[in-house]
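No lab work stands behind these numbers, since they all come straight from the coordinates. This is a predicted model, so every value here is computed, not measured. Don't worry about glycine lacking a Cβ; one is built from the backbone with ideal geometry, like all the others, and counts go over all protein chains shown.
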Amino acid sequence: MALITEGNLIAKTYEAASPTRARVRSMIGAVQRVNWRSAMIARGFGWNVTVGSLSTGIVGGGDGDVPDQDQPEFGISIPAGVTCVPFDFLINVCIGIVAADSEATEAFISVDRIAAWDGTGTFTIETPRNLRTNGTAGCPCRCFSAATANITNPTLSFDLARKEALADVQDAATPATVNVTQFDLHYKPINPLFIVGPACIYGYWGGTVACTGYATLNFITFPSALITHLA
């Protein structure tokens with residue numbers, strides 16, 4: 001059984017053969033005495049992306065307020081040869097004034113398990129930060145936010161998480177007096193998926209009411225070769 005100690009926490013490398021490769025394979029395939037996410041982060045395999053900044057959120061929806069599959073609010077593109085483990089995603093949606101009864105707002109995180117993002121559309125590039133704050137290597141995943149022109153329409157294979165808010169005004173004569181201020185979608189699984197590239201994680205929010213949102217995305221990446229022989 002592999003035991004992670006202070007003495008063997010070393011920096012990340014993506015080289016084909018290295019002591020780190022052997023140790024990470026052992027760590028993934030064995031029962032651990034410490035949190036395996038923390039051990040991966042300590043080696044420099046953890047990443048953070050923040051979508052929206054300060055008080056400026058990302059406007060939800062595509063052409064209008066409703067979520068549009070080819071205009072996501074964020075994307076994490078996973079190339080071939082890389083595996084991504086999303087372990088803590090938080091989306092905060094600030095909902096506008098309700099204008100009618102039964103207005104709906106939703107947020108969801110979906111995965112295209114077929115293809116990575118091809119770089120199309122109009123968007124803002126996001127630079128992932130290493131969760132080990134002295135890490136200097138670049139993230140193998142390309143990340144973006146605020147797609148305001150269509151990307152190549154992704155195939156959304158399945159959802160990681162979804163949440164919806166529905167306004168029930170009761171008094172149809174005065175719906176504009178209702179304001180559902182915000183809601184959160186927090187994806188923090190006990191057993192997160194290992195998403196093997198090429199693939200892409202997309203995030204969306206929007207609805208029948210205008211809204212803005214923010215996201216804090218924490219994930220781990222490592223070469224897919226490290227898990228090839230675990231199946």
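Each of the peptides 146-159, 212-225 was scored by the mean count of other Cβ atoms within 10 Å over its residues; in descending order, highest first, they stand as 212-225, 146-159. Other residues whose C-beta falls under 10 angstrom from the C-beta of Ile78 contribute a net charge of +1, scoring Lys and Arg +1 and Asp and Glu -1.
Each residue of region 205-219 was assigned a 3J(HN,Hα) from its phi angle through the Karplus curve 6.51 cos²θ - 1.76 cosθ + 1.60 (θ = phi - 60°); the sequence is 8, x, x, 7, 10, 4, 8, 10, x, 9, 9, 10, 10, 10, 8 Hz, with glycine and proline shown as x. For Trp117, the residues whose amide H sits under 5 Å from its own are Ile78, ignoring neighbours fewer than 5 places away on the same chain, with H placed 1.01 Å from N. Considering the zone a paramagnetic label at Thr228 would reach in this model (a point 7 Å from Cα along the Cα-to-Cβ line), which residues of region 82-113 have amide N under 18 Å from it? Counting only backbone N, you get 82-84. Once both labels are positioned 7 Å from their Cα atoms along Cα-to-Cβ, the gap between Ile125 and Ala137 label points is 2.1 nm. Subtracting the Cα-Cα distance of Ile114 and Leu54 from their residue separation scaled by 0.36 nm leaves 18.2 nm.
Check which residues have an amide H placed less than 5 Å from Phe74's amide H, if you skip close sequence neighbours. Answer set, sorted by chain and number: Ala146, Gly203. Scalar couplings 3J(HN,Hα) for region 119-129, obtained by applying the Karplus form with A = 6.51, B = -1.76, C = 1.60 to θ = phi - 60°, are x, 7, x, 10, 7, 10, 6, 10, 9, x, 9 Hz; x denotes Gly and Pro.
Between the amide H of Leu160 and those of Ile109, Ser110, Val111, distances stay under 5 Å, these residues lying 5 or more places away or on another chain, with hydrogens modeled in the peptide plane.
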